[in-house]
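Engineer: Would you mind keeping the following structure in view while I ask a few things?
The values are calculated or read from the model by the stated rules, or taken from the named source; none is laboratory data. Values in this document were obtained by computation on a predicted structure and should not be read as measured data. Cβ atoms come from the backbone with ideal geometry, glycine included; neighbour counts cover every protein chain shown. Quick note on the areas: whole protein, heavy atoms, side chains included, nothing else; ligands and nucleic acids left out. Shrake-Rupley method; radii C 1.70, N 1.55, O 1.52, S 1.80 Å.
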Amino acid sequence: GQPLLRRHVNMLKDAGVGDVVVVRGYMKDKINLSSIQTVDNDLFASTGEAASLACAVKHVRGECFITYGDILFRHHYLDQLTECGDDIVVAVDALWKERRADMEDRVRDLVRCSRVFSGDYLDDAPTHVERIANDIDVADAHGEWIGVAKLSAKGSDLVRDAIAAMRADGSLPKANMPQLLQRLIDAGHAVRAVYVPGQWLDIDEAADVARAGRLL
């Protein structure tokens with residue numbers, strides 16, 4: 001009964017996020033919620049996700065979340081990321097293989113971590129991302145990044161620096177978010193993984209809207 005983006009923004013606001021900035025591209029005039037700020041990537045048709053984030057780079061300061069705008073997930077995942085206290089934290093779906101039958105033809109942000117998901121919720125030993133990419137062999141993947149990251153103030157500085165370096169070396173325009181995160185990992189910066197048990201959706205087509213109704 002309401003636009004996906006409005007639901008997404010309301011969830012962030014409920015989690016205590018004061019300012020929400022949306023990067024607009026395709027049909028940008030349709031994104032006009034009064035509770036958000038907007039910046040535009042007018043080259044959206046020829047650039048990737050990292051270039052879209054770069055359009056809002058001045059807003060990547062202090063503690064913040066970075067999320068895809070076309071996903072649904074459980075509100076408490078935001079709390080889990082915040083509670084870690086690490087500089088860069090990402091939510092990783094540990095039960096991603098259960099969704100493979102419906103998603104075989106889609107691009108997925110797969111993750112290989114330092115530890116597999118144990119299923120023991122008393123096991124709070126830290127897990128870190130070793131590799132994140134669209135081309136990881138499914139046999140080597142430990143989960144799927146759901147498209148949500150939490151940054152500390154230092155984490156925001158690291159992301160801004162990485163974007164500046166990618167702009168300088170020419171890799172920014174075509175880069176996706178996994179490539180940005182992998183660059184940080186390759187530079188020696190820890191990216192903490194928080195395993196979550198599914199309960200999220202990437203909304204890409206009409207069939208996903210029906211799935212979203214069941215999730216809600």
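Engineer: Using the structure shown, decide if residue 202 is within 19 Å of the chain's Cα centre (by Cα), of a type outside the set (Phe, Trp, Tyr) and surrounded by 16 or more Cβ atoms within 10 Å (Cβ to Cβ).
Structural biologist: Yes; evaluated as a whole, the condition is true for this residue.
Engineer: How about the stretch 71-104: which of its residues are over 19 Å from residue 191 (Cβ atoms), surrounded by 14 or more Cβ atoms within 10 Å (Cβ to Cβ) and out of contact with any Gly (no Cβ under 8 Å at 6 or more places or on another chain)?
Structural biologist: Scanning the stretch 71-104 gives 72, 74, 103.
Engineer: Moving on. Please pick out the residue among 139, 165, 207 that is open to solvent by 50 Å² or more (accessible area, probe 1.4 Å), more than 18 Å from residue 82 (Cα to Cα) and among the small types (Gly, Ala, Ser).
Structural biologist: Exactly one residue qualifies, and that residue is 139.
Engineer: Still on this model: Residue 26 fails exactly one of the following numbered conditions: (1) of a type in the set (Ser, Thr, Tyr); (2) touching a strand residue (DSSP E or B) at 6+ places or on another chain (Cβ under 8 Å); (3) over 23 Å from residue 156 (Cα atoms). What is the number of that condition?
Structural biologist: Here residue 26 meets the rest and fails (2).
Conditions tested, residue by residue: (1) assigned to a loop (DSSP other than H, G, I, E, B); (2) surrounded by 15 or more Cβ atoms within 10 Å (Cβ to Cβ); (3) touching a strand residue (DSSP E or B) at 6+ places or on another chain (Cβ under 7 Å).
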position: 118; (1), (2), (3): yes, no, no
position: 145; (1), (2), (3): no, yes, yes
position: 161; (1), (2), (3): no, no, no
position: 173; (1), (2), (3): yes, no, no
position: 182; (1), (2), (3): no, yes, yes
position: 190; (1), (2), (3): yes, yes, yes
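Engineer: Quick one: residue 6 ticks every box in (1) over 18 Å from the mean Cα position of the chain (by Cα); (2) open to solvent by 30 Å² or more (accessible area, probe 1.4 Å); (3) within 14 Å of residue 69 (Cα to Cα) except a single one, so which number is it?
Structural biologist: Of the numbered conditions (1) over 18 Å from the mean Cα position of the chain (by Cα); (2) open to solvent by 30 Å² or more (accessible area, probe 1.4 Å); (3) within 14 Å of residue 69 (Cα to Cα), the odd one out for residue 6 is (1).
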